[in-house]
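Structure record follows, encoded as structure tokens.
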Amino acid sequence: MYQSFKDNPLKYILNLYTKINTFFGIQGSNTAQFILYGMLFLVLIAFSLLY
């Protein structure tokens, strides 16, 4: 999982985002999308700090 993140971070994150977005079905909800982007941003920060 982390290997694909290292190879192509942007593609990996976009893929993850669309997966989660489809899973929750929140394309129309701005608040939910904002929260989702925030979570992904925090994960990105955590990755950069840990590795």
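The values are calculated or read from the model by the stated rules, or taken from the named source; none is laboratory data. For clarity, every value in this text was computed on a predicted model and none was experimentally measured. A quick note on method: Cβ atoms are made from the backbone with ideal geometry, for glycine too, and the neighbour counts reach across all protein chains shown.
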Would you say Thr31 is in a helix (DSSP H, G or I), modelled with pLDDT under 80, exposed (fewer than 10 other Cβ atoms within 10 Å of the Cβ) and of a type in the set (Val, Ile, Thr)?
-> yes
Among the candidates Phe41, Phe47, Phe24, which residue alone is modelled with pLDDT of 80 or more and touching a helix residue (DSSP H, G or I) at 6+ places or on another chain (Cβ under 9 Å)?
-> Phe47
